[in-house]
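Notes follow once the structure below has been shown.
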Amino acid sequence: MKKRKKKIIITVDGYSSCGKSTFAKAIATELGYVYIDSGAMYRAVTLFALRRGLVAGGVADEQRILEVMPEITITFKPDRETGFSATYLNGEKVEREIRDREVSDNVSPVSTIAGVRARLVELQRAMGKGGGVVMDGRDIGTVVFPDAELKIFMTARPEVRAQRRYLELVSKGMPADFGAVMRNITERDRIDSSREASPLRKADDAVELDNSDMTPEEQIIWFRKLYKKRTDES
Ligand code: DC
């Protein structure tokens, strides 16, 4: 009888707008795993802080944000429309709101707050406990699940990423300006990789995927080979 494969934890980290979520969702579907978008959690905290006036113009009131953290509950519930889970902030569906430009412009300063990270990392670990999970973010393979069985680090050229993000915004009918998107991406790269708390970096045992010149299908084929090799070995 064929041995059932163990349900592992797969981490997908990398720069913003690299196609991490598209890739992570596709491999979760392929394996029948749960997909968890850790960036959505940082975005939800940012939305809460924006609504309370605790972050604006890229400057966050760290002390006050830490004080209100206990008032924030973030959950994911399956969404019938998309087939994936949607993000809820204190019971309100905020999947669309957390992708707004204002949130994108303010999420980096909020996610540099060590106390915010500690709380979200704790939640992320609880969500991935039983395995069978694909989680994407910046520090999933380095901090959240350093012992994950399979770690992928995604990259793509900045202009390719800006173009993808721009087209995504246009397709959603959201206001988009290529120059502004490019600036937002460059600035987020800078903050994400230079911040003190869990800077973005490739885990030593992560496999790099530069998808600048790859279609989503080619990325899945690449993944299938990697997954087979890894799980046959173990
Ligand atoms: O993946 P994303 O663009 O939705 O993430 C939004 C922001 O959250 C990003 O600027 C960096 C931060 N983030 C983080 O610091 N750690 C994670 N694990 C995921 C996201």
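The values are calculated or read from the model by the stated rules, or taken from the named source; none is laboratory data. Since we're looking at a predicted model, the values are computed, not measured. Here the Cβ positions follow ideal geometry from the backbone for every residue, glycine too, while neighbour counts run over all protein chains shown.
Restricting to helices (runs of 4 or more DSSP H) lying wholly in segment 32-116: which have 3 or more residues that are within 13 Å of the ligand (Cβ to nearest atom)?
Numbers: elements: 38-51, 62-68, 101-111.
The helices (runs of 4 or more DSSP H) meeting that bar are 38-51, 101-111.
Find the residue count for segment 182-201, including only residues that are in contact (Cβ under 8 Å) with a residue 40 or more places away in the chain and either away from the ligand (no atom under 14 Å from the Cβ) or aliphatic (A, V, I, L, M) (or both).
Count: 4.
So, A114, is that one without any contact (Cβ under 8 Å) to a residue 24 or more places away in the chain and under 17 Å from D192 (Cα atoms) or not?
Values: without any contact (Cβ under 8 Å) to a residue 24 or more places away in the chain: no; under 17 Å from D192 (Cα atoms): yes.
The answer is no for A114.
Could you list all residues from segment 55-71 that are on the phi < 0 side of the Ramachandran plot and surrounded by fewer than 20 Cβ atoms within 10 Å (Cβ to Cβ)? Write out each step before concluding.
To start, the set of residues in segment 55-71 that are on the phi < 0 side of the Ramachandran plot comprises 55-56, 59-71.
Of everything in segment 55-71, those that are on the phi < 0 side of the Ramachandran plot and surrounded by fewer than 20 Cβ atoms within 10 Å (Cβ to Cβ) turn out to be A56, V59, D61, E62, Q63, R64, L66, E67, V68, M69, P70, E71.
Given the criteria over 27 Å from D213 (Cα atoms) and crowded, with 19+ Cβ neighbours inside 10 Å, does T112 qualify?
Details: over 27 Å from D213 (Cα atoms): yes; crowded, with 19+ Cβ neighbours inside 10 Å: yes.
Considered against the rule, which asks whether it is over 27 Å from D213 (Cα atoms) and crowded, with 19+ Cβ neighbours inside 10 Å, T112 comes out as yes.
Output the residues belonging to segment 13-31 that are within 12 Å of the ligand (Cβ to nearest atom), closer than 18 Å to G128 by Cβ and of a type in the set (S, T, N, Q).
The answer is S21, and nothing else.
For segment 117-135, which residues satisfy the criterion of being within 9 Å of the ligand (Cβ to nearest atom) and within 18 Å of T75 (Cβ to Cβ)?
Filtering segment 117-135 for residues within 9 Å of the ligand (Cβ to nearest atom) gives 117, 120-121, 124, 135.
L120, V121, Q124, M135 - these are the residues of segment 117-135 that are within 9 Å of the ligand (Cβ to nearest atom) and within 18 Å of T75 (Cβ to Cβ).
Which is more than 19 Å from the chain's Cα centre (by Cα) and farther than 20 Å from I10 by Cα, of R183, R165, R188, R230?
Details: R165 fails: more than 19 Å from the chain's Cα centre (by Cα); R188 fails: more than 19 Å from the chain's Cα centre (by Cα); R230 fails: farther than 20 Å from I10 by Cα.
After ruling out the rest, the residue left standing is R183.
On the given criteria, is E208 modelled with pLDDT of 95 or more, touching a Phe, Trp or Tyr at 6+ places or on another chain (Cβ under 7 Å), away from the ligand (no atom under 14 Å from the Cβ) and among the charged types (D, E, K, R)? Lay out the reasoning, then the answer.
On the way: modelled with pLDDT of 95 or more: yes; touching a Phe, Trp or Tyr at 6+ places or on another chain (Cβ under 7 Å): yes; away from the ligand (no atom under 14 Å from the Cβ): yes; among the charged types (D, E, K, R): yes.
For E208, the condition - modelled with pLDDT of 95 or more, touching a Phe, Trp or Tyr at 6+ places or on another chain (Cβ under 7 Å), away from the ligand (no atom under 14 Å from the Cβ) and among the charged types (D, E, K, R) - is met.
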